[in-house]
Amino acid sequence: MAILKVHKGKITQNIKFEGRMKLSDLLLQNGLSTIHPCGGRGVCGKCRVEITGSVSAPNALEQKAGCRLSCQAEITGDCEVILPEDRQDMMIETGSGQAETVQSSGISSGKIGAAVDIGTTTMALKLYDLQSFAELASAAMLNPQGSVAADVMGRIGASMGGKRDLLRQQVTGAIEALLQEACEKAEIAANTVTKMVVTGNTTMLYLLTGRDPEALSHAPFEADCLFDETIDLFGIPSYLPPCAHAFVGADITCAILVSHLCRGNETAALCDIGTNGEMALWKDGRLYVASTAAGPAFEGAGITMGSGSVTGAINGVSIVNGKPHVSVIGNTEAQSLCGSGLLDAIAVGLALEEIDETGAMEEDEFPLGGAVSLFPKDVRAVQLAKAAIAAGLETLLDSAGIKPKDVSSFDLAGGFGSNLNLRSAAAIGLLPEELVACTTVLGNAALSGAAQLLLHKEATARAREIAKNAVHVPLGGNPKFNERYMDNMLFPEQE
Amino acid sequence: MELSLISEKLQAGKAKEVKALVQQAIDEGIPASEILDKGLLAGMNIVGEKFKNNEVFVPEVLVAARAMNQGANLLKPLLAAEGVTAHGKVCIGTIQGDLHDIGKNLVRMMMEGKGLEVVDLGTDVSPDTFVNTAIEQNCQIICCSALLTTTMGGMAEVVKKAEAAGIRDKVKIMIGGAPVTEAYAKQIGADCYTSDAASAADAAAAFCK
């Protein structure tokens, strides 16, 4: 029997264990997870810890990272580890952009409902008075399943590999915690919540309901369940809206509910930019949907100095006197680079000719501010990510026989889409100029759509129509998409 | 003429000019093997090095490879007549259940740039197809790509099937793709993992020496 002494902030905890164990596994078993954006493969360097005692020698990946990684280090006897403190300052999108909401009147009818969005990275919940439609409180947190794997494929693999119960417990526990927090804020008892609408991508709903996700794990990627069902979550009837496809889920159905799509004759498109980019197009009474894996670059993974939207992260870069000028979350010294800052940094690098249109950098390092720089491999990671989104959009529009100029409304959904600088998105070729010109930022549209389902009976029929009539445009293995993907790796010509 | 000119035009992705220069070199009586080595392969080598150093990226490799193929097509019949054979033979594909092929195509192009003959099996390739192709076509290397954590297990199957077919002493198995690691290669008993296409081509060329 050996003891692992864990220090996290002001708290110290002793964990008993036997034999040789991977540090991240032992921490996870004891509810003390570190983050693993790369799924514990030792390549992203984000689970760095300080450890002393009986521990394996640093392996090649740790040597490359220049630090100990909890996903690689194996402990064999008594040791002591210092974990980074939880970032309570993580910014999570719960806002609903320009969607209509009723502000709280402070009077509750006693009938309360909750809308929940299970994002792959973040989760958010809002409480509503079911009679006055007033929004009572909201709460958000990181999806605890991130400690198992950052992306949906990693979690599907983990579920099939024996972690199905763990993943289900993690997400149901998180919903309960969010509910508790929101009820406390609204000063109501949790048992007054009588119904919920829980949305998320198809994989998230599989993991929530403990379904075997085998069908989602390989080509041809055909889901054997698309939900549109009511389940019981700790005694509360909870509606799971319909998904359109294995990789175009209920979150997109919900986002479409509050978008410009599926309304009359207007040609409208929607995109949720994340690790998976989902997109939809409404033209002449037909709805087309598609999804593409953009990778986690926009969330900071695989970027040398990348991070989420935390204090100290550069979230914007502009040009002042011919030099990059940064804005930093919390107005502190710049320590890292989050997705929106990364996009700006590349746009600025292109404008200052530090980066050319092929993505080659003039120097080995482009200093932005503080100790933060952009490196050649970061530019390459963004080229791949933005090419996937841009090529996906082009292919989707092309399948309906139109070009970006034919779209009259473009809706951006999701946290990243809410915070990015649209001019930078156009400058680096993530989004076509014509779409940027008619963009509406929806915020957390999945959550807003879930709230509609919670509050308006007739929305359920609309959601069913949306999911049922959506025509899925396959991008994987599509030669047209592949060609556009290559073309879009280049940056646009600078003016 | 200077064969380094072919190399330069190839690096710049000028397919038409590469084709014209290769024809000119043939007309001048330069042996096809020399045009291939000192012109086309020398050019692709430099592109590969630059790719490894992040100086050029996928689109540039693609146009350079297109230019190389234009020149190589002119040389093929002459090389056969000279009795020159490829430095080695590889079969490559994306593993079963996985439809990604851009990374795999890049590896194929880089390997061709090393003078290797590559049989491209496409995507969603079963372990049996890898092994049977290696046997039927006398490949020295099986090269598997996987982009999904959920499908990479198919690579272990390829290793097992190759063992069962008794070709493990003759055929090297190389693996790669975003979720794949060195440790995974060791775990399943593959011979080699590389993190990028240019390194994969280097490793394949070394195996075929």
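The values are calculated or read from the model by the stated rules, or taken from the named source; none is laboratory data. Everything numeric in this text was worked out from a predicted model, so none of it was measured. Glycine also receives a Cβ, built like all others from the backbone with ideal geometry; neighbour counts cover every protein chain displayed. Protein only, heavy atoms only, side chains kept; ligands, DNA and RNA dropped before computing areas. Shrake-Rupley method; radii C 1.70, N 1.55, O 1.52, S 1.80 Å.
Here are the numbers:
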quantity	calculated
Kyte-Doolittle mean at least 0.0, axial Cα span of 24 Å or more - DSSP H helices of chain A	A:376-399
Net charge dipole size for chain A [Lys, Arg +1 and Asp, Glu -1 on Cβ; Debye, nearest 20]	1080 debye
Gap separating the Cα centres of the stretch B:107-125 and the stretch A:374-407, nearest whole Å	27 Å
Accessible area per residue, Å², the protein assembly as shown with all protein chains present, probe 1.4 Å	42 Å²
Neighbour net charge for B:Lys104 - beta-carbon separation under 10 angstrom, K R +1, D E -1	-2
A:Lys405 paired with B:Glu55, simple spin-label distance in nm, labels 7 Å along Cα-to-beta-carbon	4.0 nm
Label-point gap, in nm, between A:Asn331 and A:Lys5 - each point 7 angstrom along Cα→Cβ	4.0 nm
Descending semi-axes in Å of the stretch B:4-82, equivalent ellipsoid built from Cα gyration tensor	22, 11, 10
Stretchable slack from A:Asn30 to A:Glu214, in nm (0.36 nm times residue separation minus alpha-carbon distance)	63.5 nm
The protein assembly as shown - mean residue ellipticity at 222 nm from DSSP helices (-39,500 (n - 2.57) per run, n ≥ 4, rounded to 500)	-11000 deg cm²/dmol
Amide N of the stretch B:78-93 lying under 18 Å from the label point, which is placed 7 angstrom from the Cα of B:Asp27 along Cα→Cβ	B:78
For the stretch B:130-171, residues shielded by at least 20 square angstrom of accessible area compared with the chain on its own, probe 1.4 Å	B:Leu148, B:Thr149, B:Thr150
Cβ-defined net charge surrounding A:Leu207, 15 Å radius [Lys, Arg +1; Asp, Glu -1]	-2
For peptides A:200-211, B:74-85, sequence by mean Cβ density within 10 Å, most packed first	A:200-211, B:74-85
Of all accessible heavy-atom area on the protein assembly as shown, the percent that carbon and sulfur account for (1.4 Å)	48 percent
Rounded accessible area of A:Leu28 (nearest 10 Å², 1.4 Å probe)	40 Å²
Cβ-placed point charges (K, R +1; D, E -1), dipole of the stretch A:320-428 about Cα centre in debye, nearest 20	360 debye
Relative contact order of chain B, defined on C-alpha pairs under 8 angstrom at six or more residues apart (%)	19 percent
Rounded Å value of the spacing that divides the Cα centres of the stretch A:247-279 and the stretch A:1-20	46 Å
Qualifying GluC sites (Glu not before Pro) in the stretch A:1-82, DSSP loop, other Cβ atoms within 10 Å at most 12	A:Glu18
Chain B, dipole about Cα centre (Lys/Arg Cβ +1, Asp/Glu Cβ -1), debye to the nearest 20	120 debye
Around A:Asp406: net Lys/Arg minus Asp/Glu count, Cβ-Cβ under 10 Å	+2
Chain A: relative contact order as a whole-number percent, Cα under 8 Å and 6+ apart	14 percent
In nm, spacing of pseudo-spin labels at A:Glu80 and A:Asp364 (7 Å Cα→C-beta vector)	3.7 nm
Computed E for B:Glu163/B:Gln187 - FRET, C-beta separation, R0 25 angstrom, nearest 0.05	0.95
Three principal axis lengths of the protein assembly as shown [C-alpha, angstrom, descending]	94, 69, 55
Within the protein assembly as shown, percent of DSSP bridges classed antiparallel, to nearest 5	55 percent
